[in-house]
Structure formats: structure tokens, C-alpha cells
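Okay, structure first, notes after.
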Amino acid sequence: MDTKDTKKLKDTKQLKSHKIMKQIKDLYADLEKHQNKCKHKKATKEHKSDTGNWCKEDDRYWTIFSCPTCLKKWSINGSH
Ligand SMILES: [Zn+2]
């Protein structure tokens, strides 16, 4: 294999990666569109906390929501 072939091979590999990346991006956009339509009616809440810090003001509470319908996950600060 001469250097020209090596370069060509590298370009092809790079091209393939770029193509896959674009597909992933497109799929994520699709997923997001789909998730935006979901009402997340079955979303579950998981309360999280980081307490017992030396400085009380560093204590944090947050809630992680996850929807089994559309698989969206998001978090909100606070312990509601
Ligand atoms: Zn949902």
C-alpha cells in the first residue's frame, strides 16, 4: 500500500464517521421532536440530595424525572 492509498483509506474512514455523526444528529433531532409531543404522564420522580456538607449552603436537593414513554430524562432543582 503506498501513501496515496493510505490517505484514501483515512479519508473514507473519516467520511464514514462524519456520515454516522450526521445520522446520530438527525436521530437525536427526531427523538427530541417526539419527546416534545409527549405529555410525560407516566414520568417518575427520583429525589436526590447532597446534604451534610460542612457549609449548609452547599446542600442541594434536586429531582430527576424520567418518562418511560418517550425515554426523556430531565432534572429540576428543589425537592418537590
Ligand atoms: Zn414522555
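The values are calculated or read from the model by the stated rules, or taken from the named source; none is laboratory data. Quantities reported herein were computed from a predicted structural model and do not represent experimental measurements. Glycine also receives a Cβ, built like all others from the backbone with ideal geometry; neighbour counts cover every protein chain displayed.
Any idea which of (1) more than 11 Å from the ligand (Cβ to nearest atom); (2) touching a strand residue (DSSP E or B) at 6+ places or on another chain (Cβ under 8 Å) is the one LEU27 doesn't satisfy?
Against the list (1) more than 11 Å from the ligand (Cβ to nearest atom); (2) touching a strand residue (DSSP E or B) at 6+ places or on another chain (Cβ under 8 Å), LEU27 comes up short only on (2).
Considering only the range 24-64, state which residues are out of contact with any Cys (no Cβ under 7 Å at 6 or more places or on another chain) and polar (S, T, N, Q).
Scanning the range 24-64 gives ASN36, THR44, SER49, THR51, ASN53, THR63.
Conditions (1) outside any strand (DSSP E or B); (2) surrounded by 10 or more Cβ atoms within 10 Å (Cβ to Cβ), marked per residue:
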| position | (1), (2) |
| --- | --- |
| HIS34 | yes, yes |
| GLU46 | no, yes |
| TRP54 | yes, no |
| PRO68 | yes, yes |
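Taking the condition in contact (Cβ under 8 Å) with a residue 12 or more places away in the chain and either of a type in the set (D, E, K, R) or surrounded by 10 or more Cβ atoms within 10 Å (Cβ to Cβ) (or both), does TRP62 pass?
yes
Just need a number here: residues in the range 47-74 that are of a type in the set (Asp, Glu) and within 15 Å of the ligand (Cβ to nearest atom).
Qualifying residue count, the range 47-74: 0.
List pairs: first in the range 33-44 and more than 14 Å from SER66 (Cα to Cα) and among the basic types (Lys, Arg), second at pLDDT 95 or above and in a loop (DSSP other than H, G, I, E, B), Cβ under 9 Å, 6+ apart or cross-chain?
Sorted first by the residue in the range 33-44, then by its partner, the pairs are LYS37/CYS70.
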